[in-house]
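Shown next, in structure tokens, is the structure this report addresses.
Every number in this text was worked out from the coordinates using simple rules, so none of it is lab data. Note that the structure is predicted; figures quoted are calculated from it, not measured. All Cβ positions, even for glycine, are placed from backbone atoms using ideal geometry, and neighbour counts span all protein chains on display.
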Amino acid sequence: MAEETEDTGTEDVSALRKAAEDGRSARAEADLARKELAFVKAGVDTSTKPAQALLNSYAGDLSADAIQAEAREWSLLKSDEAPAAPDYTEEAKAQEMRDGLDGSPAPDTQPEKSGVDKAFEQFKIDRESGGYSQTDATNRAIGGIINAARQGDPQAIFNRERWEAEAAQHGHGAKWAK
């Protein structure tokens, strides 16, 4: 008989512990639901990740004013007014005037890149995603610069006079440039 009482007592304690844990979980869920309702009533869209982070970390007063103040700090509060549509009339008039100068719209193309710029871009691509070693990528870039110089690219050809003028103007190597 003594064994039956001990087994029943252990089962009762286990059942009580499980019921207590279930009660704590239910209370936590109810508290979270109450907090989320307060956030929604305060005008915070709780469907975004930043709003969820605030919701989970917020431990302050659940009044609308307190939640709105915190939401403003996180830039999460829905605006009361929709932003005014931008007025593009001045820009449109200016563009019309520019278009009318020669009767055609301004070209939308970028200027051609120099061979040196292309070589540096290729170096970056070779190193980041091309799988080239530092040495191989550098050698390819130098080869690109030499090819640009062969084709007459002024940026790839060393001009001592231009270098001396620029160095003196910017103060780089000025004492050696003269």
(message) Taking 0.36 nm per residue of sequence separation and subtracting the Cα-Cα distance, how much length would be gained by fully extending the chain between residue 127 and residue 53, in nm to one decimal?
(response) 22.8 nm
(request) Using only alpha carbon pairs under 8 Å that are at least six residues apart, calculate the relative contact order of segment 115-177 and give it in whole percent. (result) 30 percent
(request) Please find the FRET efficiency linking residue 138 to residue 165, where r is the Cβ-Cβ separation and R0 is fixed at 25 Å, and quote it to the nearest 0.05. (result) 0.30
(message) I need the phi-derived Karplus couplings for segment 145-151: 6.51 cos²θ - 1.76 cosθ + 1.60, θ = phi - 60°, integer Hz, Gly and Pro marked x.
(response) 5, 5, 5, 5, 5, 4, 8
